[in-house]
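The values are calculated or read from the model by the stated rules, or taken from the named source; none is laboratory data. Keep in mind the model is a prediction, meaning the values are calculated, not measured. Cβ placement follows ideal geometry from the backbone for every residue including glycine, while neighbour counts extend to all protein chains displayed.
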Amino acid sequence: MGTAAGMLAEARKSLGLSGRPNIITLDYAQRHGDEYLEAAWCDMAITYWARRSGNAEAVLPGGDRAYTVWHAQDFQEIGRWFTGTIVNVDKAKPGDIVFFDWGTSNAVGAIDHVGVVEKALGGGRVQTIEGNTDDACKRRVRASAVIAGYGRPAYGTGHWTEEIVKKLPELQQGATGEHVQTLRALLLARMHPEIGAVEGPFDAKVEEAVRAVQTWGRIEVDGIVGPQTWPVLLRVH
């Protein structure tokens with residue numbers, strides 16, 4: 001089970017790394033193809049630090065990422081995204097994954113770059129560690145004007161999630177009861193308003209939303225909520 005401190009400790013080991021291919025792009029390319037050897041590596045760095053520090057589940061809710069927009073959307077999907085306003089930036093914590101738009105919008109689709117927050121400085125500023133900044137890993141100070149937003153990883157929740165999942169039943173279309181209400185609440189938190197209210201059965205709309213979550217979580221898409229699907233849903237907490 002990882003921690004924010006572990007994530008930052010791993011990131012600090014990369015300070016001074018420069019050029020490409022490098023150990024980070026080599027690691028990513030080994031799993032995803034040689035086209036990543038010379039690619040922009042800011043999000044590959046986040047992936048590398050998360051995997052090496054035992055934080056992959058928390059930092060990479062959608063799996064390995066090299067494309068910053070998809071990574072930010074992963075945090076949006078699980079309800080752990082904070083738009084880059086001055087007020088929000090002042091609430092950033094060490095270990096948060098911060099996304100930048102050099103065009104100074106808060107639009108997720110316009111994100112250009114990513115780093116990890118090392119320290120909140122106040123006044124809408126954060127100190128970060130970033131890969132691929134001038135093709136190197138460096139500390140930077142960034143202001144809210146260029147921060148599109150940040151994702152807050154659920155550090156240190158792995159064991160808690162495992163214990164909860166052991167107690168949860170398998171659910172499929174037609175089911176009713178309190179666990180179905182929990183399921184519906186989690187789906188609503190994951191931006192599936194089409195299912196309606198928390199109260200109600202496991203109906204066809206719920207199954208469709210479950211299948212969407214399973215697709216996003218890269219698990220078997222069968223519309224049944226069991227030991228594979230509950231952990232993906234519970235990452236919302």
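Flag: Ala143 does not match the condition of being at pLDDT 95 or above, small (Gly, Ala, Ser) and within 25 Å of Gly6 (Cβ to Cβ). Residue check: Glu208 meets all listed conditions (1) buried (at least 17 other Cβ atoms within 10 Å of the Cβ); (2) in a helix (DSSP H, G or I) but one, namely (1).
Which members of the range 206-227 meet the condition of being under 17 Å from Ala185 (Cα atoms) and of a type in the set (Val, Ile, Thr)? Correct list: Val206, Val210, Val213, Ile224, Val225.
Per this entry, Ala143 is counted among residues that are surrounded by fewer than 18 Cβ atoms within 10 Å (Cβ to Cβ), closer than 29 Å to Thr68 by Cβ and among the aliphatic types (A, V, I, L, M). The requirement of being buried (at least 18 other Cβ atoms within 10 Å of the Cβ), at pLDDT below 95 and in contact with a Pro (Cβ under 7 Å, 6 or more places away or on another chain) is not satisfied by Val213. Which of (1) in a loop (DSSP other than H, G, I, E, B); (2) surrounded by fewer than 16 Cβ atoms within 10 Å (Cβ to Cβ) does Glu194 not meet, given it meets every other one? Only one criterion is unmet by Glu194, namely (1).
Within the range 118-133, take every residue that is free of Cβ contacts under 8 Å to residues at least 60 places away in the same chain and part of a loop (DSSP other than H, G, I, E, B) and give me the one that is nearest to Trp70 (Cα to Cα). The extreme case among them is Gly124.
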